[in-house]
Amino acid sequence: MNGQIRGVEALVRLPHPTLGYVSPDRLIPLAEASGLIHPLGNFVIEEACRQLTLWNKAGMTPVRIAVNVSPLQLMRSDFAAEVQRVILESGVDPALLEMEITERVVLNFDEIATRMTELAAMGIYFAVDDFGTGYASLQHLQRLPIATLKIDRSFIQRLCESSRSYRIVKAVIELAHSLKMQVIAEGVEDEDQMQLLRELKCDCIQGFLFSRPLPPEEIEVFLGN
């Protein structure tokens with residue numbers, strides 16, 4: 001952790017006239033159950049690539065955009081081809097696109113391994129989001145093209161108060177590094193958490209300590225462009 005901004009994450013929020021913004025925790029299960037996850041997921045990837053193109057034209061320093069991908073998307077036989085189409089049409093560097101998956105995806109190894117391998121061959125990165133809250137198989141974890149583990153915020157919130165959380169975070173960082181993966185700590189909100197993570201040799205942090213979610217135009221200012 002050296003203070004450099006390495007990437008941003010695309011967040012999906014559905015505006016509702018009475019409920020305000022509907023969070024992904026409610027939106028994504030509904031989209032998966034209704035079949036809308038496929039057009040929604042494609043839209044997010046297209047928008048991420050469009051934003052990368054705009055930032056590139058504006059001369060901004062390249063940053064990676066992470067998008068969340070549902071296991072239902074990865075199970076589609078045409079998913080890799082569709083992503084490749086978007087990349088070719090937008091002209092973005094695939095290495096600037098990161099797909100975040102959950103541990104639930106890792107469990108479906110046989111159904112998603114081929115798609116992930118195809119996408120990784122294009123240069124796309126993969127990260128496991130909310131790591132530590134599911135039941136990922138370590139055997140599958142090392143066989144998939146995963147570059148990053150993101151430690152769930154629930155462990156980070158208790159990092160300074162709970163010796164158990166501290167030991168879990170330490171073990172995850174050591175495990176990831178032994179597998180040649182990077183580690184991102186999610187939900188970092190104060191300096192004490194950041195200091196402990198620095199001592200544990202965590203690679204990156206993400207959270208309100210640095211910034212709350214921002215629209216693209218404010219991200220440009222935040223990045224100093």
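Condition check ((1) modelled with pLDDT under 95; (2) assigned to a helix (DSSP H, G or I)) across all residues:
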{"site": "Glu174", "(1), (2)": "no, yes"}
{"site": "Gln195", "(1), (2)": "no, yes"}
{"site": "Arg198", "(1), (2)": "no, yes"}
{"site": "Cys202", "(1), (2)": "no, no"}
{"site": "Leu214", "(1), (2)": "yes, no"}
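Pairs meeting the criteria (first residue in the stretch 99-121 and among the aromatic types (Phe, Trp, Tyr), second residue assigned to a helix (DSSP H, G or I), beta carbons under 6 Å, at least 6 apart or on different chains) are Phe109/His140. Here is the figure for the stretch 195-225: residues that are in contact with a His (Cβ under 9 Å, 6 or more places away or on another chain) and surrounded by fewer than 13 Cβ atoms within 10 Å (Cβ to Cβ) total 1. Take the residues in the stretch 162-194 that are polar (S, T, N, Q) and surrounded by 12 or more Cβ atoms within 10 Å (Cβ to Cβ), then tell me which one is nearest to Ile65 (Cα to Cα). Here the residue is Gln182.
Residue pairs whose Cβ atoms lie under 9 Å apart, separated by 6 or more positions or on different chains, with the first residue in the stretch 46-72 and touching a residue at least 12 places away in the same chain (Cβ under 8 Å) and the second of a type in the set (Phe, Trp, Tyr), are Thr61/Trp55; Pro62/Trp55; Val63/Trp55; Arg64/Tyr125; Ala66/Tyr125; Val69/Phe79; Val69/Phe126. Scanning the stretch 11-65 for residues that are at positive phi and in a loop (DSSP other than H, G, I, E, B), we see that the one that is surrounded by the most Cβ atoms within 10 Å (Cβ to Cβ) is Gly35. Of the residues making up the stretch 148-161, those that are over 25 Å from Ala66 (Cα atoms) and not hydrophobic (A, V, I, L, M, F, W, C) are Arg158, Glu161.
The values are calculated or read from the model by the stated rules, or taken from the named source; none is laboratory data. Fair warning: this is a prediction, and the values are worked out from it, not measured in the lab. Don't worry about glycine lacking a Cβ; one is built from the backbone with ideal geometry, like all the others, and counts go over all protein chains shown.
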